[in-house]
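Only one structure is covered here, and it is reproduced in the block below.
The values are calculated or read from the model by the stated rules, or taken from the named source; none is laboratory data. For clarity, every value in this text was computed on a predicted model and none was experimentally measured. Quick reminder, even Gly has a Cβ in these numbers, built from the backbone with ideal geometry, and neighbours come from all protein chains shown. All accessible areas refer to the heavy atoms of the entire protein, side chains included, with ligands and DNA or RNA removed. Shrake-Rupley method; radii C 1.70, N 1.55, O 1.52, S 1.80 Å.
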Amino acid sequence: MNRTACVTLTVALSLVLSGCERSAQEGDTPAAAPESAPADAASQVAKGAPAYSDQDISDAWIYLLGRLLVLRQQQADFADGMEWNQMVHRKPGAVQWPNPNLDVAYSEAWVAVDDGSCTVVTVPRISGRYYTVQFLNGWGETLANINERTQPERPDGEFAVCLEGAAVTLPPGVTRIDVPAKYMRVLSRVELGDDWGQAEALQHKFRLQATGTPATPTLPPVKDFDQQHLPGVEAFDNAAAVLDSERDLNEGMDAVAAKARAIGVGIQDATERARVDQVVRQKAQHDLAKASPTIGHGTLRNGWVRPAVAGNYGNDWLGRTLINLGGIWANRMDEVVYYKGNLDGTNTQLNGDNAYTLTFPKDALPPQYADYFWSVIAVDPVFARVLPNPKNRFLLNRESGLKYNTDGSLTLHFAAEKPASAPDSNWLPTPKGQDYRLTFRFYGPKGGVKDGSYYPPPLVKS
């Protein structure tokens with residue numbers, strides 16, 4: 001993608017993930033929704049007085065898209081053979097969603113709990129290696145993590161994840177964790193480290209089992225879409241059912257949700273349906289694209305963007321939707337901090353025709369900012385999928401055998417062909433002639449990464 005193309009609407013849709021060298025300006029991001037929505041949208045449309053403005057349509061569409069993205073992934077998971085309350089252990093790298101972490105072995109499940117049933121998770125004893133079991137709701141909000149940080153007195157054994165208020169008798173020795181949702185996505189992560197065999201053996205010791213027979217939901221249908229073909233007016237076709245299928249736990253969402261419901265009623269009128277579709281395609285998708293370079297309310301520095309929110313979003317539905325689109329299942333920022341790098345130090349889009357260096361001074365090396373591990377990967381700028389290369393090397397991290405400079409600093413290299421001066425271990429191959437973006441992760445963030453003052457150094461074009 002070149003910079004000229006960034007101004008076109010078609011490419012603006014792909015900018016949701018690519019982030020050409022623009023940052024969201026004041027007034028570009030969606031406005032706060034009004035406090036209430038008309039009760040009878042259809043009648044107001046019939047009278048020629050729309051119940052909502054163009055900005056309301058944009059806000060409601062972006063808000064609703066955050067839920068549709070989770071439903072789309074859930075629909076794909078079940079089509080791929082996943083079943084309720086059954087954990088699937090994935091081979092390293094073998095997950096089907098945007099921007100995966102290649103440092104860990106993932107196991108995944110969809111679980112249901114109710115007033116008479118919990119999900120019991122078995123966590124093996126692990127020391128000296130990062131792990132967590134993450135529970136998320138249908139909006140991509142992290143509800144709980146099970147690990148040595150959240151359960152310091154007893155980090156392993158059996159944990160019962162139960163609906164708040166559920167009257168369930170549990171066996172002795174089981175730790176109860178209450179959650180406010182009946183249906184959840186589960187992701188366990190085990191750090192691969194330098195012994196993948198041991199990591200995979202530990203991964204398979206994570207188990208879950210429902211106590212009783214919890215009710216499972218009937219999912220509202222979602223028409224298939226992707227990052228280049230986001231839904232138009234059809235996003236509102238079953239807005240009420242989509243919103244009813246999963247309560248948004250965050251305060252301050254009622255007004256924008258009411259707008260989505262009102263639009264779902266209003267588009268029953270053919271003329272209004274055409275109007276809403278035009279607004280979605282010409283404004284809402286453009287608003288989302290403009291907010292993408294900084295992940296909504298995030299901050300750009302040194303060519304890297306640190307999101308304002310991740311894992312838990314409060315009333316920032318814009319940030320939630322962008323993260324669900326560009327890297328679904330993000331964890332909380334006390335677990336991991338993600339930096340997005342589309343740009344070099346001159347704020348120019350990264351491209352595989354160029355070679356770049358990233359140099360950390362000896363007193364600010366990546367391990368200084370992570371209690372557990374760090375890594376950097378390259379993904380395509382539209383679908384956030386890992387980029388193939390002849391070396392089958394997809395990330396740089398502490399297990400890469402990195403070579404340090406004579407002064408103790410560390411230089412990483414990003415190029416389609418290995419620069420002559422680069423140690424092979426310090427080189428991440430990138431796609432010739434293609435734009436790409438980097439994701440830098442710090443697991444167990446500390447220091448400047450934890451408090452938000454740190455940004456990786458700028459990428460320098462050779």
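Within a straight-line Cα-Cα reach of under 20 Å, Lys418 can be paired with the following aspartates and glutamates, leaving aside sequence neighbours fewer than 8 residues apart in one chain: Asp344, Asp353, Asp380, Glu399, Asp435. Pop out the ³J(HN,Hα) list for the stretch 345-361 in order, Karplus 6.51 cos²θ - 1.76 cosθ + 1.60 with θ = phi - 60°, rounded to Hz; leave Gly and Pro as x. Karplus-based 3J(HN,Hα) across the stretch 345-361 equals x, 9, 6, 10, 4, 5, 9, x, 6, 10, 10, 10, 10, 10, 10, 9, x Hz.
Pairs of Cα atoms nearer than 8 Å and 6+ residues apart set the relative contact order; for the chain it is 21 percent. Placing unit charges on the Cβ atoms only, positive for Lys and Arg and negative for Asp and Glu, gives the stretch 145-289 a dipole magnitude near 300 debye about its Cα centre. The residue list Gly116, Ser375, Ala215 was ranked by how far each Cα lies along the charge dipole of the chain toward its positive end, using unit charges on Cβ atoms, and Ser375 comes out on top. Selection among Ala241, Gly165, Leu187 by position relative to the dipole of the stretch 155-250 gives Gly165 as farthest towards the positive end (Cβ unit charges, Cα centre).
From the residues Gly447, Thr406, Ala420, which one has its Cα farthest along the dipole of the stretch 405-448 in the positive direction, the dipole being from +1 and -1 charges on Cβ of Lys/Arg and Asp/Glu about the Cα centre? Looking along the dipole axis, the top candidate is Gly447.
Can you classify the chain as rounded, prolate or oblate using the Cα gyration tensor, where a ≥ b ≥ c are the square roots of its eigenvalues, rounded means a/c under 1.5, and otherwise it's prolate if a/b beats b/c and oblate if not? Oblate shape, in that a/c is at least 1.5 and b/c is the bigger or equal ratio.
Taking the Cβ of Ala384 as the centre, find all other residues whose Cβ is under 14 Å away and add up their charges (Lys, Arg: +1; Asp, Glu: -1).
Numbers: positive: Lys340, Arg385, Arg437, Arg441; negative: Asp226, Asp380, Asp435.
Overall, the nearby charge balance is +1.
Among the GluC sites (Glu not before Pro) in the stretch 194-268, those located in a DSSP loop and surrounded by at most 15 other Cβ atoms within 10 Å of their own Cβ are Glu251. Placing unit charges on the Cβ atoms only, positive for Lys and Arg and negative for Asp and Glu, gives the chain a dipole magnitude near 1080 debye about its Cα centre. Among residues other than Asp424 with Cβ under 13 Å from its Cβ, the summed charge is +3 (Lys and Arg +1, Asp and Glu -1). Shown here for the stretch 105-196: trypsin sites (Lys or Arg not before Pro) in loop regions (DSSP other than H, G, I, E, B) with at most 11 other Cβ atoms within 10 Å, namely Arg125.
Considering only alpha-carbon pairs that sit under 8 angstrom and 6 or more positions apart, the relative contact order computed for the stretch 194-276 is 27 percent.
Roughly how many percent of the accessible protein surface of the stretch 358-429 is carbon and sulfur, given a 1.4 Å probe and a whole-percent answer? Looking at the stretch 358-429 in its full context, I get 53 percent from C and S. On a per residue basis, the chain carries 40 Å² of accessible surface, using protein heavy atoms and a 1.4 Å probe.
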